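See structure below.
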Amino acid sequence: MTGHESRFSSASAHMSTSLTRSRQDTGALLNDPMMIMKWYHPFLTRHAAECMLIDNAPEGSYLLRPSSTGIINEYALSVKYSNSVQHMKVTFLPDGRYRFGESNFDSVLRLKKHFEIEKPIVGGESGITVVLKYPYSRDIDEQHFYTEVHHHAVTNMLDDNSDSDTGSEEEPEWDKCDTLHRLPYVTPISSREGYLTKLGRIRKTWRVRWFILRNTILTYYKTKQSSKPIRSIDLMNATSVNHETSTGKDYCFSVVMPRRTFYFYANNAEDCEQWVELLKSKVIVSIKWWLHDV
C-alpha cells in the first residue's frame with residue numbers, strides 16, 4: 001500500500017461515523033433523557049453541527065448531540081466561538097451523574113439549568129473562552145418555498161455505447177469507476193482559531209499571530225482584533241504536517257508546502273496536538289483531490 005493509499009484509508013475510517021449513527025435505533029435516540037433539552041439534536045453529526053453553527057449562529061451559541069465516537073452515553077457540546085466551532089465532551093457516569101469539564105451534575109435537569117440559567121464561561125486548551133448564551137434549538141420554523149426548474153440540461157454526455165439496456169448483466173464501464181474519480185470531494189468544515197507563534201520567512205524571528213482555520217484555508221492576522229489578514233495558506237496545496245524538533249521549540253510543528261515550509265509552535269502539548277491533527281485532516285483532503293485528478 002502506498003503512502004497516499006494508506007492516508008486515504010485512514011480518512012475513510014473517520015468518515016464512517018455518520019453512517020454508523022444513521023443505523024442506530026431511532027427509538028433509543030428519541031427516548032434519551034437529553035431530549036428534555038430543546039437544544040439536544042439526537043441525529044446530528046459533528047460535520048452537520050459545524051455547518052449549522054459556523055454561519056448561522058452568533059458567538060456563544062451551543063447545542064448538544066451524540067458523540068461522533070459512537071460510544072453510548074457520551075455526548076458532545078458544540079460551541080460557536082467567533083470564527084470557529086469547538087466540541088467538548090459531556091459524559092454519563094456509571095453512578096448516574098453527568099460530567100462536563102471539571103463538574104458533575106446529579107441529573108439532566110441540573111445539567112440543563114447549568115447551561116440555560118447559569119450561562120457558564122467555557123474554554124479549551126487554547127485559552128480562548130466564550131460565554132454560552134444562545135442554545136440552538138432543534139425545532140426551527142422553516143419556510144416552504146421552492147424554486148421551479150425552468151432550465152435543465154446535461155453538461156457531460158455519456159457514450160451511447162455505455163447504456164446498460166443491451167441485456168448484458170455486465171455493468172456499464174463508467175459505473176465501474178471509483179466514485180472518487182467522478183465526483184469532487186466535499187470538504188469538511190473542521191474550523192479552529194487561536195494564537196500560535198510563527199517563524200518569519202526572512203528575519204527568522206518568532207512572532208505571535210492570530211490564526212483562523214476554516215475549510216482548507218489557514219489565515220493569520222497580527223492580532224485577534226485585526227480586520228485585515230497577513231496571509232492565507234491554502235492547505236489543498238500542502239504535502240504534509242509534522243511535529244518538529246529541529247527548531248528547539250517545544251510544541252512545534254510544520255506545514256510543508258511546495259515552495260515553503262511554515263513553522264509554528266503552540267502554548268502547550270494539547271493545543272499543539274489539536275492543531276496538528278486538524279491540519280493533517282486537511283492534507284488528507286488534498287490527497288483525495290490528487291487521486292481524483294490522476
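Points to keep in mind about this one:
- Note on H150 and E277: their simple-model spin labels are 5.0 nm apart, each label 7 Å out from Cα toward Cβ.
- Dipole of the stretch 195-270, positive end: most advanced residue of G248, T223, L196 [Cβ charges, Cα centre]: T223
- Couplings for the stretch 216-232, taken from phi via the Karplus curve 6.51 cos²θ - 1.76 cosθ + 1.60 with θ = phi - 60°, read 10, 10, 9, 10, 10, 10, 5, 9, 5, 7, 5, 8, 9, x, 7, 6, 10 Hz in order; Gly and Pro are left as x.
- 5 angstrom amide H check on E244, placed H, neighbours 5+ away: C252, F253, S254
- Three-way shape call for the stretch 43-97 based on the alpha-carbon gyration tensor, with the a/c threshold at 1.5: prolate
- Prolate/oblate/rounded call for the stretch 192-287, Cα gyration tensor, a/c under 1.5 rounded: rounded
- For E59, residues with placed amide H under 5 Å, excluding near neighbours: none
- Mean projected area of the convex hull spanned by the Cα atoms of the stretch 238-278, taken over all viewing directions: 2.7 nm².
Only the coordinates and a few stated rules stand behind these numbers; no lab work does. Everything quoted here is computed from the prediction, not taken from an experiment. A quick note on method: Cβ atoms are made from the backbone with ideal geometry, for glycine too, and the neighbour counts reach across all protein chains shown.
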